[in-house]
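A short worksheet on the structure shown next.
The values are calculated or read from the model by the stated rules, or taken from the named source; none is laboratory data. Being a predicted model, the structure only gives us computed values, none of them experimental. For neighbour counting, all protein chains shown are included, and Cβ atoms are generated from backbone atoms with ideal geometry for every residue, glycine included.
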Amino acid sequence: MGECLGDLALVEIGTWVTRSRLSGAILTIARKQKNAISALAVSIKQVALYNPCIRNNRSVQLRSAVEKPWDNWIPGVLNKRQMQVLVDEGILWVPNDTIDAASLDLTLTSEAYKMKCGSVKPGGDSRYSVILNDKGLAERLPVPCDDIFVLEAQQTYVFKVAERLDSAFAEIGIFGQATAKSSVGRMDVLARLIVDGMDHYEKFDAPKLQGQSGHMYLEVTPFTFRVAVKVGKPLSQLRLFYGCPKDVEISSKEIFRTVFKDSENCDGSLSVDLENTTIGELETAAFRATLGQTRTPINLWKSKNLPDPCESWKFVKSGKDRRLRIQNNEFYILRSKEKIRVPAGIAIYCRASDETIGEMRIHYAGFVHPHFGIRDDEKGTPLIFEVRGHQVDVNLRQGERMANLTLYRMSEDSGPDDTEYGKQTLKLSGFFDEWPQKLREVGSDGTVEAV
């Protein structure tokens, strides 16, 4: 039976290759190695992704000749194995090994633009390339010889993403949700995904992908620091869902008790912890950065000779009343009072309870992956808040509510995610070096230096 199926598939693929005018060498290989027919199909479909004349018809016909792997999936967040199935089926283009346990890293290409008039929201009625080709709105940047772009603070840029979707996501029912990577959010960099055909940032809906190009872009705006980004390195991550995300949400006191281990919290909210903690033998409740304090661009990828945090960050202590002042236009790193532990079958999105609380804006990398907070601490791990003062100063109090967690079911349990923040307390971005073991205060503004 397997031999007959191989011959049948060979005939269909051979016809498809001929009509598509692809290389005859592929068909020769297929005749010699029928047992590798599925691998051959994947190769052909990967080529088809970049041929708009055949991508939306022949590739779909080829897929329909065999049983679809996702027919046996239950709705939920896709894990690494399932995302690899989409790659193997030729409907998700991933040029590098960027699939994590429960998300996909989105890497930058050399196609970069400086937005002349600021951010331009996607309209959904046309491809975003129309906006990028409008010389009144965007300026194409030349590619540096070292593939490193320097981005100025307070300026918006757009990069095309190397990864690409197929319009078959529409018929399968694959939805997407994106957010900046944790290390990027902690640099006060806003990185928002744009998908052709969508009229909103940071997500895509399966039905709207029908007939679209599958191209994705990343809108990048540094606020506090000059930063450097590199072609092939990720700034954002994409979470894929089989089925609508709203339909796989989980909410109950029982699951919150599992996630919020040893916590009084049973409603899925997070509050701020303003208790001072000890770092470098000094006390602090938060870290603060100021626009223009560091002129040397900070690399948004792991590199040698990481910058000294003392040159860019100040310590902020809370008072005896456990309150902390958020100053206008300053950027702060704080931590949650609650500690969480995420089981293998759960993925979490963290949303601000109100993006603007008073005159303070909260934004942070929103994904919490399966296994977070479980490894070395039975009580779990706090999450990090990235907070920016907006218009006027604000006075925070201990335990003030900051965010809500949305829990999603995994379609299949996930393996561990190799995150550097799995047992964090109050922690800066991984793009900075660790704090020195011993610090001393310099002046009264929170500046510190190594002893």
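Take the residues in the stretch 112-171 that are on the phi > 0 side of the Ramachandran plot and touching a Gly at 6+ places or on another chain (Cβ under 8 Å), then tell me which one is modelled with the highest pLDDT.
Residues of the stretch 112-171 on the phi > 0 side of the Ramachandran plot: 118, 124, 147, 154.
If we keep only those that are touching a Gly at 6+ places or on another chain (Cβ under 8 Å) as well, we get 124, 147.
Working: G124: 78, D147: 98.
Applying the filter and picking the extreme gives D147.
For a quick check of your reading: which strands (runs of 3 or more DSSP E) sit entirely within the stretch 332-451 and have at least 1 residues that are within 27 Å of Q177 (Cα to Cα) and modelled with pLDDT of 90 or more?
Details: elements: 346-352, 360-362, 381-389, 394-397, 401-409, 439-441, 448-450.
So the answer is 346-352, 381-389, 401-409.
Where in the stretch 225-274 are the strands (runs of 3 or more DSSP E), entirely inside, with at least 1 residues that are of a type in the set (S, T, N, Q)?
On the way: elements: 227-230, 234-242, 269-273.
Because the criterion is at least 1 residues that are of a type in the set (S, T, N, Q), the strands (runs of 3 or more DSSP E) in the stretch 225-274 that meet it are 234-242, 269-273.
With S213, S303, S269, S251 as the choices, which residue is surrounded by fewer than 20 Cβ atoms within 10 Å (Cβ to Cβ), of a type in the set (G, A, S), within 24 Å of the chain's Cα centre (by Cα) and over 30 Å from L78 (Cα atoms)?
Numbers: S213 fails: over 30 Å from L78 (Cα atoms); S269 fails: over 30 Å from L78 (Cα atoms); S251 fails: over 30 Å from L78 (Cα atoms).
Of S213, S303, S269, S251, the one residue that is surrounded by fewer than 20 Cβ atoms within 10 Å (Cβ to Cβ), of a type in the set (G, A, S), within 24 Å of the chain's Cα centre (by Cα) and over 30 Å from L78 (Cα atoms) is S303.
When the stretch 289-331 is examined, which residues are found to be outside any loop (DSSP other than H, G, I, E, B) and not aliphatic (A, V, I, L, M)?
N299, P309, C310, E311, K314, F315, R323, R325, N328, F331
Quick check on my filter: what residues within the stretch 132-155 are more than 24 Å from K233 (Cβ to Cβ) and surrounded by 13 or more Cβ atoms within 10 Å (Cβ to Cβ)?
The one that is more than 24 Å from K233 (Cβ to Cβ) and surrounded by 13 or more Cβ atoms within 10 Å (Cβ to Cβ): L137.
Tally time: how many residues in the stretch 382-401 are crowded, with 21+ Cβ neighbours inside 10 Å and either among the basic types (K, R) or in contact with a Cys (Cβ under 7 Å, 6 or more places away or on another chain) (or both)?
Looking only at that region, the number is 1.
Go through the stretch 173-184 and give me each residue that's surrounded by fewer than 23 Cβ atoms within 10 Å (Cβ to Cβ) and part of a helix (DSSP H, G or I).
S183
List the number of the failed condition for F256; all other conditions in (1) of a type in the set (F, W, Y); (2) surrounded by 22 or more Cβ atoms within 10 Å (Cβ to Cβ); (3) over 26 Å from F431 (Cα atoms) hold.
(2)
So if I check each of V94, V158, which one is within 30 Å of R295 (Cβ to Cβ), surrounded by 13 or more Cβ atoms within 10 Å (Cβ to Cβ) and not charged (D, E, K, R)?
V158
Out of T290, T296, T284, I need the residue that is within 26 Å of K379 (Cα to Cα), of a type outside the set (D, E, K, R) and either surrounded by fewer than 15 Cβ atoms within 10 Å (Cβ to Cβ) or touching a Ser or Thr at 6+ places or on another chain (Cβ under 8 Å) (or both). Which one?
Values: T290 fails: within 26 Å of K379 (Cα to Cα); T296 fails: within 26 Å of K379 (Cα to Cα).
Just one listed residue meets the conditions, T284.
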